[in-house]
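The structure under discussion appears below in the form of structure tokens.
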Amino acid sequence: MTIKLEIEGNRNFKDNTFITGFHGIGTTGFIAVKYVVNELQAEKIGTIISDFLPPFVTTKDGRLSLPFEFFQFEDNIMLVPQFQPYRHEHKEFAEKLVDWTIQSKFQQSILIGGLDSRLKKEENEKIRVVATSAYLESNDLELPLLEDGLFVTGPIALMLAYYEVNNFPAIALLPYAESSRADPLAASIAVELVNKVTKLRIDTNKLVQDAELIERNLQEVISQTKNQDIDEKEQGAKRLFI
């Protein structure tokens, strides 16, 4: 099994911030990172190729858009996963990304997922975070940490584990989201926190206003994958990943 990161040109990522999100609860991570890329009009700089690449492509602005693509805006590098990596590739996928960000001397990594809204203890709670020891030691932001006893699973969990072992600053943003549908409103909460932990200033009003349209488009993507008989067990049950 082989996973390759194909980055255009000879780029220096020292002290950059890496941002990505996956198709977890509420599809929150994917919606958030896709929105960040679109709002910043970030430049496409690369892709990920693997032996088990999801068999889908689309077009954007007249050009092919592949399942996993890297984008850059100033000192921020975003990975947009159009689809969840296949489950048997999760470990290698996470290892490759972690090794690359560490070897390229990134400053920090921001991972975006979702947390089932039924786990709220107070109605006004919006988000929880999970951070590596290195992140907590180097940042003094007051952030609502994930409660003891709750588990993070999937690619984000693996990346957090590898970052922790390597003493690298990484944080997972987990807004409370609806588990039964795409939740753009939860994604807007994640983007607001991305602004807080970076120098970015991304307006989330459009994301909130376009919530219904984004949800409809995502449902079409989900429908297409089902029509192509992608095994949900192989693709990763969406409710399992935050």
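The values are calculated or read from the model by the stated rules, or taken from the named source; none is laboratory data. This structure is a prediction, so every number in the text was calculated from the model and none was measured. Note: ideal-geometry Cβ built from the backbone for every residue, glycine included; neighbour counts use all protein chains shown.
Does PHE168 qualify as being in contact with a helix residue (DSSP H, G or I) (Cβ under 9 Å, 6 or more places away or on another chain), free of Cβ contacts under 8 Å to residues at least 24 places away in the same chain and closer than 26 Å to LYS91 by Cα?
Details: in contact with a helix residue (DSSP H, G or I) (Cβ under 9 Å, 6 or more places away or on another chain): yes; free of Cβ contacts under 8 Å to residues at least 24 places away in the same chain: no; closer than 26 Å to LYS91 by Cα: yes.
Criteria not met by PHE168.
For region 1-25, which positions are assigned to a strand (DSSP E or B) and crowded, with 22+ Cβ neighbours inside 10 Å? Reasoning before the result, please.
Step one: of region 1-25, the residues assigned to a strand (DSSP E or B) are 3-7, 17-21.
Scanning region 1-25 gives THR17, PHE18, ILE19, THR20, GLY21.
Checked against (1) without any contact (Cβ under 8 Å) to a residue 40 or more places away in the chain; (2) of a type in the set (Gly, Ala, Ser); (3) closer than 22 Å to PHE168 by Cβ, ALA94 meets all criteria but (1).
Hey, does region 84-91 have a residue that's in contact with a strand residue (DSSP E or B) (Cβ under 7 Å, 6 or more places away or on another chain) and over 20 Å from ASP210 (Cβ atoms)? Working first, answer last.
First, pick out the residues of region 84-91 that are in contact with a strand residue (DSSP E or B) (Cβ under 7 Å, 6 or more places away or on another chain): 89.
Applying the additional criterion that residues be over 20 Å from ASP210 (Cβ atoms) yields 89.
Checking region 84-91: at least one residue is in contact with a strand residue (DSSP E or B) (Cβ under 7 Å, 6 or more places away or on another chain) and over 20 Å from ASP210 (Cβ atoms).
Only strands (runs of 3 or more DSSP E) wholly contained in region 58-132 count here; list those with 3 or more residues that are exposed (fewer than 15 other Cβ atoms within 10 Å of the Cβ).
On the way: elements: 58-60, 63-65, 68-73, 76-81, 108-112, 127-131.
Correct list: 58-60.
Filtered by the rule that a residue be within 19 Å of the chain's Cα centre (by Cα), closer than 25 Å to LYS120 by Cβ and part of a loop (DSSP other than H, G, I, E, B), region 145-174 gives LEU146, PHE151, VAL152, THR153, GLY154.
Pairs linking a residue in region 31-53 that is under 14 Å from LEU5 (Cβ atoms) to a residue that is aromatic (Phe, Trp, Tyr) and assigned to a helix (DSSP H, G or I), with Cβ atoms under 9 Å and 6 or more positions apart or on different chains, are ILE48/PHE93; SER50/PHE93.
Annotation: LEU146 fulfils all but one of (1) surrounded by 15 or more Cβ atoms within 10 Å (Cβ to Cβ); (2) over 20 Å from PHE22 (Cβ atoms); the unmet one is (2).
Annotation: ILE45 fulfils all but one of (1) β-branched (Val, Ile, Thr); (2) at pLDDT below 95; (3) not in a helix (DSSP H, G or I); the unmet one is (2).
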